[in-house]
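Only one structure is covered here, and it is reproduced in the block below.
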Amino acid sequence: MAEPSRLAGLYAITPEDPDEARLLGAAKSALIGGARLLQYRDKTTDTGRRLRLAQALGALCQQFGALFIINDDLQLALRVGADGLHLGGDDGDLAAARLALPVGTVLGASCYASLGRARTAVAAGADYVAFGAVYPSPTKPQAQPAPLDLFSRCRAELGVPACAIGGITLANAVPVIAAGADMLAVINDLFAAPDISAQAHAYQQLFEEKPDELPQPATV
């Protein structure tokens with residue numbers, strides 16, 4: 001698996017975009033800004049497109065020293081030699097994926113709002129777990145809210161990095177990091193920003209500043 005220190009920081013997840021060149025440009029901008037991980041998420045059935053983009057995105061991640069993760073497609077991850085694979089709750093068998101992946105490949109698992117799911121995922125070989133939606137999410141509006149105490153409980157009980165996902169913005173990210181999230185998975189607030197590189201840099205800075213130097217959320 002990757003060193004735990006590499007499983008930390010801004011975790012950019014590619015948006016749905018039919019324009020391949022635009023998607024690659026946006027991903028490059030996020031990496032220039034400092035994203036530490038990039039997940040290729042593509043729910044289309046166009047295998048040619050998926051292979052092209054996976055190869056191109058993997059090359060970009062290698063160029064910028066970021067981890068390249070494939071979402072929900074073990075065979076594609078194996079074919080392009082991705083750094084990792086992320087599986088949702090209904091998207092494949094974690095234990096089987098662990099056996100199929102080369103040594104050193106990262107395996108992540110969506111655990112939604114359940115520490116029990118996380119416990120099972122880690123036992124099956126997951127290197128990190130993801131909890132969400134931590135805030136209402138435009139990508140998955142029906143997702144069950146995930147309480148922030150899941151992150152501290154995961155760290156204390158399971159000892160693996162935890163990723164937060166769902167509705168995260170620069171305005172609400174600080175409490176999530178303070179709660180113990182090692183990674184912030186972001187789609188909309190990153191890729192819809194006027195300056196993707198600057199937005200990525202701002203996210204990454206939240207992890208690199210001392211806790212007492214972080215901007216505090218506004219009180220009402």
Using the structure shown, decide if residue 156 is touching a Ser or Thr at 6+ places or on another chain (Cβ under 6 Å) and either among the small types (Gly, Ala, Ser) or assigned to a loop (DSSP other than H, G, I, E, B) (or both).
-> no
Which of (1) over 18 Å from residue 192 (Cβ atoms); (2) in a helix (DSSP H, G or I); (3) of a type outside the set (Phe, Trp, Tyr) is the odd one out, the single condition residue 82 does not satisfy?
-> (2)
Filtered residues of the range 9-26 (kept if of a type in the set (Gly, Ala, Ser) and either touching an Asp or Glu at 6+ places or on another chain (Cβ under 9 Å) or over 16 Å from residue 137 (Cα atoms) (or both)) = 9, 21, 25, 26
State whether one or more residues within the range 45-64 are charged (D, E, K, R), over 16 Å from the mean Cα position of the chain (by Cα) and at pLDDT below 95.
-> yes
May I ask you to say which residue of 81, 58, 88 is surrounded by fewer than 17 Cβ atoms within 10 Å (Cβ to Cβ) and under 22 Å from residue 187 (Cα atoms)?
-> 88
Elements of type strands (runs of 3 or more DSSP E) contained in the range 1-73, each with 3 or more residues being within 18 Å of residue 168 (Cα to Cα) | 9-13, 37-40
The residue from 167, 180 that alone is surrounded by fewer than 21 Cβ atoms within 10 Å (Cβ to Cβ), touching a residue at least 12 places away in the same chain (Cβ under 8 Å) and of a type outside the set (Lys, Arg) is 180
State which residue pairs qualify: first residue aromatic (Phe, Trp, Tyr) and inside the range 66-81, second residue buried (at least 19 other Cβ atoms within 10 Å of the Cβ) and not in a helix (DSSP H, G or I) in any location, beta carbons under 6 Å apart, and separation of 6 or more residues or different chains.
-> 68/38; 68/82; 68/83
Looking only at the range 91-108, and only at residues there that are within 21 Å of residue 16 (Cβ to Cβ) and surrounded by fewer than 21 Cβ atoms within 10 Å (Cβ to Cβ), the one that is modelled with the lowest pLDDT = 91
Residue list for the range 183-196, restricted to those being part of a helix (DSSP H, G or I) and buried (at least 17 other Cβ atoms within 10 Å of the Cβ) | 189, 190, 191, 196
For the range 176-200, enumerate the residues that are farther than 24 Å from residue 141 by Cβ, out of contact with any strand residue (DSSP E or B) (no Cβ under 7 Å at 6 or more places or on another chain) and among the charged types (D, E, K, R).
-> 195
Evaluation of residue 111 against (1) surrounded by 22 or more Cβ atoms within 10 Å (Cβ to Cβ); (2) closer than 18 Å to residue 187 by Cβ; (3) touching a Lys or Arg at 6+ places or on another chain (Cβ under 7 Å) (one fails), failing number = (2)
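The values are calculated or read from the model by the stated rules, or taken from the named source; none is laboratory data. Since the structure is predicted, the reported quantities are computational estimates derived from the model, not experimental observations. Here the Cβ is made from the backbone with ideal geometry for all residues, glycine too, and neighbour counts use every protein chain on show.
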